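The block underneath contains the structure these notes are about, expressed in structure tokens.
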């Protein structure tokens, strides 16, 4: 009887040693994989299944991104207010405009009718706008198109008297500058058959207020005239 009990105890000891040896082997494998940087998970069945890895043994892209974000919490911060669009969202931009050579500008200007001063009446100034596609659009001075918008804009800034007979808002240059402001045009060219007027009530002074910030308007006129507005010297010396 005692011999049988000893045999049973010996078998149980052998089984316990066997289970201990298996646990030791699994624990050793687990430690080696953790040290090598490859994390594993042991399912309920007891087998060790390695997690999927990317090319060259690195973690998959999604896992790397999650790890990087965790290691660099500043990456999640943004200066944009809540609800602002993503940087890669499509943004509307103004048409680029069309820059033309001096030769082409003077050639187009010479095609305009010659403007002759008449003592009794003042003839209209004629001009053309060359858009980004090379199309030509006729321009003319007068109290139409953007005339009222120019007048109201200048009065709103205190640049025109509330009442009076200042005719500058009817001029081709300032009306076209207002068109640029309204349409978001940034760099445009026009040709006219009369030199832009100067002085306190002149187009040259008003253009720098009407043109959109950062925009330029190049004007070709008679006798080889070419000037790009706003004029920097006027910006420095004249105040409204």
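The values are calculated or read from the model by the stated rules, or taken from the named source; none is laboratory data. It should be emphasised that the depicted structure is a prediction, and the values quoted were computed from it without experimental measurement. Virtual Cβ from ideal backbone geometry, glycine too; neighbours counted across all protein chains shown.
How about segment 195-225: which of its residues are in contact with a strand residue (DSSP E or B) (Cβ under 7 Å, 6 or more places away or on another chain) and closer than 19 Å to residue 116 by Cα?
Result: 195, 196, 220, 221.
If you go through segment 106-142, how many residues are part of a loop (DSSP other than H, G, I, E, B) and in contact with a helix residue (DSSP H, G or I) (Cβ under 8 Å, 6 or more places away or on another chain)?
Adding up the residues that qualify gives 3.
Residues being modelled with pLDDT of 85 or more and either out of contact with any strand residue (DSSP E or B) (no Cβ under 6 Å at 6 or more places or on another chain) or in a loop (DSSP other than H, G, I, E, B) (or both): count how many of those fall in segment 82-105.
5
Yes or no: residue 191 assigned to a strand (DSSP E or B), buried (at least 17 other Cβ atoms within 10 Å of the Cβ), at pLDDT 95 or above and more than 22 Å from the chain's Cα centre (by Cα)?
Answer is yes for this residue.
List pairs: first in segment 134-152 and on the phi < 0 side of the Ramachandran plot, second at pLDDT below 95 and surrounded by fewer than 18 Cβ atoms within 10 Å (Cβ to Cβ), Cβ under 8 Å, 6+ apart or cross-chain?
Close Cβ pairs satisfying both conditions: 137/131; 140/124; 141/124.
Answer with yes or no whether residue 136 is modelled with pLDDT of 95 or more, surrounded by 10 or more Cβ atoms within 10 Å (Cβ to Cβ) and within 32 Å of the chain's Cα centre (by Cα).
Taking the combined requirement at face value, the residue does not satisfy it.
Can you tell me which of 214, 199 is part of a loop (DSSP other than H, G, I, E, B) and either within 35 Å of the chain's Cα centre (by Cα) or surrounded by 12 or more Cβ atoms within 10 Å (Cβ to Cβ) (or both)?
The conditions single out 214.
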